[in-house]
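Please read the structure below before turning to the comments.
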């Protein structure tokens with residue numbers, strides 16, 4: 001690529017990274033304001049947690065339904081349309097008169113804010129092969145920043161102006177990014193002319209035929225379920241009788257965890273040197289240890305807060321490093337179907353996150369913070385047990401037959 005071409009693509013990549021952060025933040029900021037929603041709408045904290053569950057379920061559905069369209073429709077038009085729908089959904093959520101309309105609007109927001117899974121393939125097509133690793137890391141950093149910083153922003157703004165204010169601010173951000181993308185992104189043609197039903201069927205077919213894909217999906221779904229359970233429950237713990245803090249406290253805890261963004265490049269280098277399976281095993285051990293450390297968070301006071309900081313750091317590092325290892329594993333299955341592999345993978349991961357949020361809220365309601373930590377340990381035990389089962393080494397299939405099978409999908 002010429003210097004002039006690079007100058008044209010750099011602003012587009014930077015804007016896509018920012019868009020990833022804004023879009024991913026829409027999924028995670030409701031975790032910090034759950035107690036504010038409960039008091040504002042006059043419902044129980046467990047009932048208010050269904051907002052988080054609905055958003056994550058919508059995100060999983062959106063990955064399955066909309067991400068395959070990235071190969072079928074013009075990318076700029078698709079991204080702008082989805083962000084506009086996200087903005088409208090967030091405005092609807094900000095005016096919801098009760099829990100049911102808020103849950104419905106949250107599901108719509110989750111389904112349409114799937115910008116990050118769409119931005120990766122688009123960005124890869126804008127740069128030469130030797131820059132795709134750097135660009136991928138840039139987009140991932142944007143997404144992680146949105147995941148972590150959105151909770152701080154929402155908790156602080158919610159404490160100041162009420163739970164509806166973060167939804168209004170997120171809507172303004174989403175609509176602004178949509179306008180910027182419409183002006184900045186190039187009008188690229190679609191990558192394929194396959195029908196929509198064929199695009200939807202491909203991830204399901206790959207799940208059925210690729211055992212390594214199924215294994216990676218199970219691993220990350222279990223870890224992400226534990227991650228979601230903790231971040232749903234920690235807002236309830238910090239604002240409950242043990243600590244008596246404001247919603248801002250959960251956001252500040254997430255801000256401390258922003259340092260875990262530095263671990264992603266390290267995890268990638270370790271996967272290259274040691275292999276995805278070894279890094280995955282270390283991640284499982286890290287998440288299991290985090291469950292034990294987090295259990296001491298129920299003590300309250302300085303010891304409890306210290307345990308929450310250390311435990312969530314371990315959990316976040318384990319989750320993010322596991323994401324890197326599992327994606328490397330599935331991307332090795334074939335370069336011509338990576339977007340469809342990623343659709344299957346990310347759908348399963350966020351279905352796991354949805355289940356984790358729902359079960360975490362229920363566990364907290366019945367058993368308190370200890371129940372949430374036990375749930376994380378149980379999820380990790382399932383993944384670790386599957387990882388330790390001996391796997392037969394399959395005979396390598398001819399490359400031509402594998403490509404032919406994927407092309408049919």
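The values are calculated or read from the model by the stated rules, or taken from the named source; none is laboratory data. None of these values were measured; they are calculated from a predicted model. Positions of Cβ are backbone-derived with ideal geometry, glycine not excepted, and every protein chain shown enters the neighbour counts.
Quick notes on this structure:
- Taken as a whole, the structure leaves residue 251 outside the set of residues that are modelled with pLDDT under 90 and surrounded by fewer than 24 Cβ atoms within 10 Å (Cβ to Cβ).
- Some residue of segment 67-82 being modelled with pLDDT under 90, under 17 Å from the mean Cα position of the chain (by Cα) and crowded, with 21+ Cβ neighbours inside 10 Å: yes
- Some residue of segment 213-232 being modelled with pLDDT under 90 and in contact with a helix residue (DSSP H, G or I) (Cβ under 9 Å, 6 or more places away or on another chain): yes
- Of the listed requirements (1) under 21 Å from the mean Cα position of the chain (by Cα); (2) surrounded by fewer than 18 Cβ atoms within 10 Å (Cβ to Cβ), residue 278 misses just one: (1).
- Of the residues in segment 275-283, not one is touching a helix residue (DSSP H, G or I) at 6+ places or on another chain (Cβ under 8 Å), farther than 14 Å from residue 313 by Cα, at pLDDT below 85 and not in a helix (DSSP H, G or I).
- Filter pass, residue 241 being over 30 Å from residue 367 (Cβ atoms), out of contact with any helix residue (DSSP H, G or I) (no Cβ under 9 Å at 6 or more places or on another chain) and surrounded by fewer than 21 Cβ atoms within 10 Å (Cβ to Cβ): no
- Residue check for residue 370: assigned to a helix (DSSP H, G or I) and either farther than 16 Å from residue 234 by Cα or modelled with pLDDT under 90 (or both): no
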